[in-house]
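S.K.: Questions regarding the structure given below will be posed in turn.
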Amino acid sequence: VTKTADWPPALLERVGGEFAVARELARARREGKEMSVILFEIAPLTTAADLEESVQQASETLLRTIRQSDLPIRWSGREFLVVLPGLAGSGARMVAERVRAALQAGARHRVAVAGGVAELEEEDGFGDVVNKARERVGLARGRGHNRIL
């Protein structure tokens with residue numbers, strides 16, 4: 001019997017997260033499945049003291065919002081990476097928008113949340129997918145608060 005996920009639904013730190021994402025990338029390629037990643041960036045709308053509390057609230061919200069098969073990682077101080085096995089295109093964007101809204105609500109609307117969705121392409125490595133998502137976050141941020149591209 002194959003489990004939906006090999007990890008508990010808990011937020012992973014970056015070091016362990018990179019290994020888990022690399023494993024998922026390899027699995028998606030081997031099984032010929034689609035996969036997307038979403039990079040969320042949380043920007044402060046209030047003082048720096050409120051930011052850490054808001055990021056913690058967003059972390060807790062993220063864990064309640066994602067599917068069991070999704071892999072969440074706190075990528076940096078204000079960035080969260082979510083791997084979406086089996087999703088690409090409009091399905092991944094719908095999940096990204098739902099999670100973005102939940103993150104903002106979970107932080108009591110004291111933060112702006114920008115997100116970028118990148119799909120796994122045949123030749124992409126882990127860093128390539130994250131870099132594509134980061135570029136999209138920059139574009140989303142440039143178009144105003146609380147956007148997904």
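The values are calculated or read from the model by the stated rules, or taken from the named source; none is laboratory data. Only a predicted model underlies this, so the values are computations on that prediction, with no experimental measurement involved. Backbone-built Cβ (ideal geometry, glycine too); neighbour counts: all protein chains shown. With ligands, DNA and RNA removed, areas are computed over all heavy atoms of the protein, side chains included. Shrake-Rupley method; radii C 1.70, N 1.55, O 1.52, S 1.80 Å.
S.K.: Hey, among the residues in segment 132-149 that are assigned to a helix (DSSP H, G or I) and open to solvent by 80 Å² or more (accessible area, probe 1.4 Å), which one's modelled with the lowest pLDDT?
M.R.: 141
S.K.: Only residues that are surrounded by fewer than 18 Cβ atoms within 10 Å (Cβ to Cβ) and not in a helix (DSSP H, G or I): list them for segment 44-72, please.
M.R.: 44, 45, 46, 47, 67, 68, 69
S.K.: Mind checking which residues of segment 73-100 are of a type outside the set (A, V, I, L, M), farther than 16 Å from residue 146 by Cβ and part of a strand (DSSP E or B)?
M.R.: 74, 85
S.K.: Given the conditions (1) touching a residue at least 60 places away in the same chain (Cβ under 8 Å); (2) in a loop (DSSP other than H, G, I, E, B); (3) charged (D, E, K, R), report the number of the one that residue 123 does not fulfil.
M.R.: Failing condition for residue 123: (1).
S.K.: Right, something else. Pick out the one residue from 21, 15, 1 that is of a type in the set (Val, Ile, Thr), modelled with pLDDT under 80 and surrounded by 15 or more Cβ atoms within 10 Å (Cβ to Cβ).
M.R.: 21
S.K.: Out of the residues in segment 75-94 that are under 17 Å from residue 24 (Cβ atoms) and within 10 Å of the chain's Cα centre (by Cα), which is modelled with the lowest pLDDT?
M.R.: 75
S.K.: Next up: Please go through segment 22-44 and pick out each residue that is over 16 Å from residue 88 (Cβ atoms) and touching a helix residue (DSSP H, G or I) at 6+ places or on another chain (Cβ under 8 Å).
M.R.: Our first condition is that a residue be over 16 Å from residue 88 (Cβ atoms); within segment 22-44, this holds for 22-23, 26, 30, 40-44.
22, 40, 41, 42, 43, 44, listed by residue number.
S.K.: Okay, moving on. From the list 114, 101, exactly one residue is surrounded by 22 or more Cβ atoms within 10 Å (Cβ to Cβ) and more than 21 Å from residue 18 (Cβ to Cβ). Which is it?
M.R.: From the options 114, 101, the qualifying one is 114.
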